[in-house]
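Single-structure report; data block below.
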Amino acid sequence: MTVGSERRAKVQRAVDEWVRQLVDISGNNRLLYYKTLKQGTLELTACPTVPKQELLAGHRVALSTLFPPTPTEPEATARALKRARTIHRNALATFEEKGIDTLFLAVGMATWTSDKSTATPASPVLLRR
């Protein structure tokens, strides 16, 4: 082995170790192991299609059009507003305290089998501001 190849091997080992330390693949990583939160999640799956498409296209959409009151759920808009305020308040606090943006719209969820953890991975396919 030449001096150059030994140096490359050492550098590669150091890079591999840095990457291992930077990327948390344990169950603590909420981007790999997402869990629905009681007040911190606003599920859009059942929302009407047109306002949801407008939102995904980047347009402003009123919560009342995404979560309109229905005979079976007359408080849908109020409940969505409460959750949205909680989500915004927590995201703002995280940004002010740590300088980290955490408020994203997750589009699609990917799952797979992991031999690293007993928890089932669930990760957003796309994150949108």
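Among the residues of this structure, Ala122 counts as one that is closer than 30 Å to Leu22 by Cβ and surrounded by 14 or more Cβ atoms within 10 Å (Cβ to Cβ). Just to be sure I understand the filter: pairs with C-beta atoms under 8 Å, separated by 6 or more residues or on different chains, first member in the range 61-74 and surrounded by 15 or more Cβ atoms within 10 Å (Cβ to Cβ), second member outside any loop (DSSP other than H, G, I, E, B) and of a type in the set (Asp, Glu). Which pairs pass? Final answer for the pair search is Val61/Glu54. When restricted to residues that are small (Gly, Ala, Ser), farther than 21 Å from Leu127 by Cβ and assigned to a loop (DSSP other than H, G, I, E, B), the range 59-104 contains 1.
All conditions but one from (1) touching a residue at least 24 places away in the same chain (Cβ under 8 Å); (2) more than 30 Å from Thr118 (Cβ to Cβ); (3) of a type outside the set (S, T, N, Q) apply to Lys52; the one that does not is (1).
The selection criterion, being touching a helix residue (DSSP H, G or I) at 6+ places or on another chain (Cβ under 7 Å) and either among the β-branched types (Val, Ile, Thr) or at pLDDT 90 or above (or both), holds for Leu66. Scanning the range 17-34 for residues that are without any contact (Cβ under 8 Å) to a residue 12 or more places away in the chain and either assigned to a loop (DSSP other than H, G, I, E, B) or within 17 Å of Lys116 (Cβ to Cβ) (or both) turns up Val19, Arg20, Gln21, Leu22, Val23, Asp24, Asn28, Asn29, Arg30. Residues that are at pLDDT 90 or above and either β-branched (Val, Ile, Thr) or under 22 Å from Gly58 (Cα atoms) (or both) within the range 108-122 comprise Gly108, Met109, Thr111, listed in sequence order.
The values are calculated or read from the model by the stated rules, or taken from the named source; none is laboratory data. Just so it is clear, the model here is predicted, and its values are computed rather than measured. Cβ atoms come from the backbone with ideal geometry, glycine included; neighbour counts cover every protein chain shown.
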